[in-house]
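The values are calculated or read from the model by the stated rules, or taken from the named source; none is laboratory data. Small disclaimer: the values here were computed from a predicted structure and weren't measured. Ideal geometry is used to build each Cβ from the backbone, glycine not excepted, and the neighbour counts take in all protein chains shown. Ligands, DNA and RNA are stripped out before the accessible areas are found, and what is left, the full protein with its side chains, is counted by its heavy atoms. Shrake-Rupley method; radii C 1.70, N 1.55, O 1.52, S 1.80 Å.
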Amino acid sequence: MTGKLPFEALSVETLATRLSTNEALCAKIGKDTSAWKVREVGDGNLNLVFIVEGAGGAAVVKQALPYVRLVGDSWPLPLKRSFFEYHALTRQEARAPGSVPAIYHFDEGQALIIMEYLSPHIILRRALIEGRQLPNIARDIGLFMARTLFRGSDLSMVTKDRKADLALFADNVELCDITENLVFSDPYFDAKMNRHTSPQLDALVAELRADRDLKVEAQRLKHIFAANAETLLHGDLHSGSIMVTDQETRMIDPEFAFYGPMAFDVGMLLANFWMSFFSQRGQEQKGKRDAMRAYLLGVTAETWAVFRAEFSHLWRTERTGMLYQKSLFEDQGDMLAAEQALDHVLHQIWTDLLGFAGIEVHRRILGLAHNADFETIADEDLRASCEAKALKFGRHIAVNRRRIHSIDEVNTLATLIEQENRI
Ligand code: SR1
Ligand code: MG
């Protein structure tokens with residue numbers, strides 16, 4: 001298959017024939033296509049994902065579709081998202097080695113990426129729903145975020161290179177548009193594709209949509225998201241974009257990558273841990289989840305601590321970009337000025353991440369794209385009760401983000417809300 005042929009979606013039936021001459025794939029899994037076994041495993045909202053196993057091994061073939069898979073061809077979406085995913089993966093590998101799957105081949109015309117089959121990894125969201133406590137995720141994800149966000153910014157990069165990269169990713173317009181609408185706006189009015197657990201949440205949803213402070217804050221955050229091209233973001237760093245074993249953690253699916261505020265990836269990620277925390281009560285049929293809840297709050301605290309420590313380390317050792325130049329601070333013997341500036345930068349990330357986290361929680365309960373943490377709770381009253389607590393938590397951290405000073409404060413709030421009786 002070459003990039004010159006017109007785009008055609010692969011299928012389980014056609015994949016072996018169409019990729020039989022792909023050298024990278026054959027080198028990985030073996031040339032004998034009669035031995036290839038193909039499964040389609042995509043459970044995300046947008047793309048096709050195949051696992052192809054041959055006599056010599058296995059690989060993943062991911063292909064974008066010209067529309068949103070979750071909705072269908074009534075919602076067209078450009079194939080070029082695959083181009084952005086490929087380029088984001090190469091940058092993430094360079095900036096945080098070993099944190100993403102290895103890439104074997106990219107075909108722009110067919111919008112497909114052939115990459116490493118991660119096994120026995122499973123999606124982190126799935127592991128958390130099952131109540132599994134992964135020992136390394138906070139460390140691995142904290143390091144990934146600090147390294148990619150710092151090294152993709154003007155704190156580190158040569159300005160000319162960063163501006164060229166900024167221009168490249170600026171074309172990922174349609175994926176940004178999804179986030180701008182689905183995350184920041186739709187949850188706060190009666191948008192067409194929204195849904196929520198009804199009628200249980202109706203009153204609370206009406207209350208939130210009439211909440212002036214919340215709506216203004218959501219739009220202030222959207223303004224930061226759209227106008228603050230600080231670094232190359234993953235852009236969709238939730239627990240469904242991370243694959244894990246007990247030992248290993250890999251980040252996948254950066255098709256939403258673009259230059260935006262550092263706090264966005266961190267906030268979205270932490271929101272997904274807090275949502276997992278509030279969903280645990282709905283998963284307790286097979287046993288209490290007290291230890292899991294404690295684990296999840298520990299993960300949020302450790303992730304933020306690792307992020308801060310690594311970001312601070314990079315600030316002190318790799319600050320080679322045009323921002324906060326060493327020539328103004330350390331080179332003049334003024335170490336404290338550099339530390340003071342670091343405090344400001346980290347404080348801004350902290351304040352903004354709380355806002356992004358709050359609205360990420362809201363959009364997963366009020367918008368189009370829900371998450372399995374809550375969706376797998378079959379008892380709707382129980383699900384609504386878990387969701388209501390999460391909504392209340394999200395509202396508090398978004399609106400009060402400038403008055404919250406530590407992750408312990410946030411986790412105490414989560415614990416108090418979890419223990420309250422509501423609905
Ligand atoms: C229409 S796409 C809905 C969501 O799926 C992706 O994973 C992103 O999170 C997006 O917001
Ligand atoms: Mg995805």
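So, in the stretch 241-264, how many residues would count as being in a helix (DSSP H, G or I), touching a strand residue (DSSP E or B) at 6+ places or on another chain (Cβ under 9 Å) and within 16 Å of ligand 2 (Cβ to nearest atom)? Step through it out loud before you land on a result.
Initial filter on the stretch 241-264 (in a helix (DSSP H, G or I)): 241, 262-264.
Imposing the further condition that a residue be touching a strand residue (DSSP E or B) at 6+ places or on another chain (Cβ under 9 Å) reduces the set to 241, 262.
With the extra rule that they be within 16 Å of ligand 2 (Cβ to nearest atom), the set shrinks to 241.
Residues in the stretch 241-264 being in a helix (DSSP H, G or I), touching a strand residue (DSSP E or B) at 6+ places or on another chain (Cβ under 9 Å) and within 16 Å of ligand 2 (Cβ to nearest atom): 1 in total.
Pick from the stretch 52-61 the residues that are more than 18 Å from residue 107 (Cβ to Cβ) and surrounded by 16 or more Cβ atoms within 10 Å (Cβ to Cβ): which of them is nearest to ligand 2 (Cβ to nearest atom)? I'd like the intermediate steps shown before the answer.
Our first condition is that a residue be more than 18 Å from residue 107 (Cβ to Cβ); within the stretch 52-61, this holds for 53-58.
Subset that is surrounded by 16 or more Cβ atoms within 10 Å (Cβ to Cβ): 53-54, 58.
On the way: 53: 23, 54: 26, 58: 21 Å.
The residue in question is 58.
Matching residues to (1) part of a helix (DSSP H, G or I); (2) touching a helix residue (DSSP H, G or I) at 6+ places or on another chain (Cβ under 7 Å); (3) more than 16 Å from ligand 1 (Cβ to nearest atom); (4) open to solvent by 10 Å² or more (accessible area, probe 1.4 Å):
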{"position": "194", "(1), (2), (3), (4)": "no, yes, no, yes"}
{"position": "215", "(1), (2), (3), (4)": "yes, yes, yes, yes"}
{"position": "229", "(1), (2), (3), (4)": "no, yes, yes, yes"}
{"position": "268", "(1), (2), (3), (4)": "yes, yes, no, no"}
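Name the residues in the stretch 28-39 that are in a strand (DSSP E or B) and surrounded by 15 or more Cβ atoms within 10 Å (Cβ to Cβ), would you?
38 - this is the single residue of the stretch 28-39 that is in a strand (DSSP E or B) and surrounded by 15 or more Cβ atoms within 10 Å (Cβ to Cβ).
Taking the condition of being within 17 Å of residue 71 (Cβ to Cβ) and among the acidic types (Asp, Glu), how many residues in the stretch 181-204 meet it?
1
Output the residue which, of all residues in the stretch 62-93 that are touching a residue at least 40 places away in the same chain (Cβ under 8 Å) and open to solvent by 20 Å² or more (accessible area, probe 1.4 Å), is nearest to ligand 2 (Cβ to nearest atom).
Once the filter is applied, the top-ranked residue is 70.
Can you go through 48, 79, 89, 70 and tell me which one is among the aliphatic types (A, V, I, L, M), over 22 Å from residue 169 (Cα atoms), away from ligand 1 (no atom under 14 Å from the Cβ) and not assigned by TED's automatic domain parsing to the domain that holds residue 372? Before the answer, list the steps.
Numbers: 79 fails: over 22 Å from residue 169 (Cα atoms); 89 fails: over 22 Å from residue 169 (Cα atoms); 70 fails: away from ligand 1 (no atom under 14 Å from the Cβ).
The unique qualifying residue is 48.
Taking the residues in the stretch 74-120 that are closer than 16 Å to residue 10 by Cα and not hydrophobic (A, V, I, L, M, F, W, C) as candidates, determine which candidate is nearest to the chain's Cα centre (by Cα).
Here the answer is 82.
Enumerate the helices (runs of 4 or more DSSP H) found wholly within the stretch 96-181, keeping only those where 3 or more residues are farther than 20 Å from residue 252 by Cα and either more than 16 Å from ligand 1 (Cβ to nearest atom) or assigned by TED's automatic domain parsing to the domain that holds residue 345 (or both). Outline the logic, then answer.
Working: elements: 124-129, 137-151, 159-169.
In the stretch 96-181, 159-169 are the helices (runs of 4 or more DSSP H) which contain 3 or more residues that are farther than 20 Å from residue 252 by Cα and either more than 16 Å from ligand 1 (Cβ to nearest atom) or assigned by TED's automatic domain parsing to the domain that holds residue 345 (or both).
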